[in-house]
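Scroll down for the structure; my scribbles are underneath it.
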Amino acid sequence: MSKKNCWEHKKCGREPEGINAFELGVCPASVERSLNGTHGGQNAGRACWVVAGSLCGGKVQGTFAKRYGNCAVCDFPKLVKEDEGEDFMSHSTLRAILSKED
């Protein structure tokens, strides 16, 4: 079973060279290399909820603090958590990885 990245699951088209990348911009989760391989995804493709500027509900989201409420009700983080079971990394662990790269 192949693990889908958020842009594949949501079909947002914001991955590099995606159908909506020119109009809406490339999603930062699709190019965030510090989380590459996390939960079996490409870049931050399976940890998108901790990356500011990703797409949610058809709108580009801002800072982590502003968007986390939306992500908490999104089906994709729930799917990743279910897929990963005990290996699922909490948002605080993922944020710590991101902050090391800043």
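Okay, here's what the table says:
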item	result
Sequence ranges 35-42, 86-93, ranked by mean other-Cβ count within 10 angstrom, highest first	35-42, 86-93
Derived scalar couplings ³J(HN,Hα) [segment 37-52; Karplus, 6.51 cos²θ - 1.76 cosθ + 1.60; whole Hz; x for Gly, Pro]	x, 4, 6, x, x, 8, 6, 9, x, 10, 8, 4, 5, 9, 10, 5
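Any read-out appearing in this document is the output of simple, stated calculations on the displayed coordinates, not a laboratory observation. Small disclaimer: the values here were computed from a predicted structure and weren't measured. Ideal geometry is used to build each Cβ from the backbone, glycine not excepted, and the neighbour counts take in all protein chains shown.
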